[in-house]
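One structure is given here, and the rest of the page talks about it.
The values are calculated or read from the model by the stated rules, or taken from the named source; none is laboratory data. All of these numbers come straight from a predicted model, not from anything done at the bench. With ideal geometry, Cβ positions are generated from the backbone for all residues, glycine too; neighbour counts draw on all protein chains shown. Please note that ligands, DNA and RNA were not included when accessible areas were found on the heavy atoms of the full protein model with its side chains. Shrake-Rupley method; radii C 1.70, N 1.55, O 1.52, S 1.80 Å.
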Amino acid sequence: MLNFVSVTHTFFISSIMSMFTVSIVIMRVLYLLFFISITVFSQSTDFDKGVTHYENSEWNKAKPYFLSSLKTKTNTIESQEYLGD
């Protein structure tokens, strides 16, 4: 009986440790995905930079960003509106 309890206890402890290790790996992957998504989505586009300059009345600085966004075909209608075309 002692052997059965000992083996069962050992199996139980090793199962708990395995689940703990798996959960740590899952947490690390989730943190990594979170930080990657933050860096990817926090980058501003040329259009956003143009709007920032436009709102600060820096028309000459804004124009190249709007032209660049037209070339990349992002926010084309809005870029044309800001350019006055």
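Observations
- Scoring residue 57 on the criteria (1) open to solvent by 80 Å² or more (accessible area, probe 1.4 Å); (2) out of contact with any helix residue (DSSP H, G or I) (no Cβ under 6 Å at 6 or more places or on another chain); (3) not aliphatic (A, V, I, L, M) leaves a single failure, condition (1).
Residue-wise test of (1) open to solvent by less than 90 Å² (accessible area, probe 1.4 Å); (2) modelled with pLDDT of 75 or more; (3) in contact with a Gly (Cβ under 7 Å, 6 or more places away or on another chain); (4) of a type in the set (Val, Ile, Thr).
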position	(1), (2), (3), (4)
7	no, no, no, yes
17	no, no, no, no
25	yes, yes, no, yes
34	no, yes, no, no
38	yes, no, no, yes
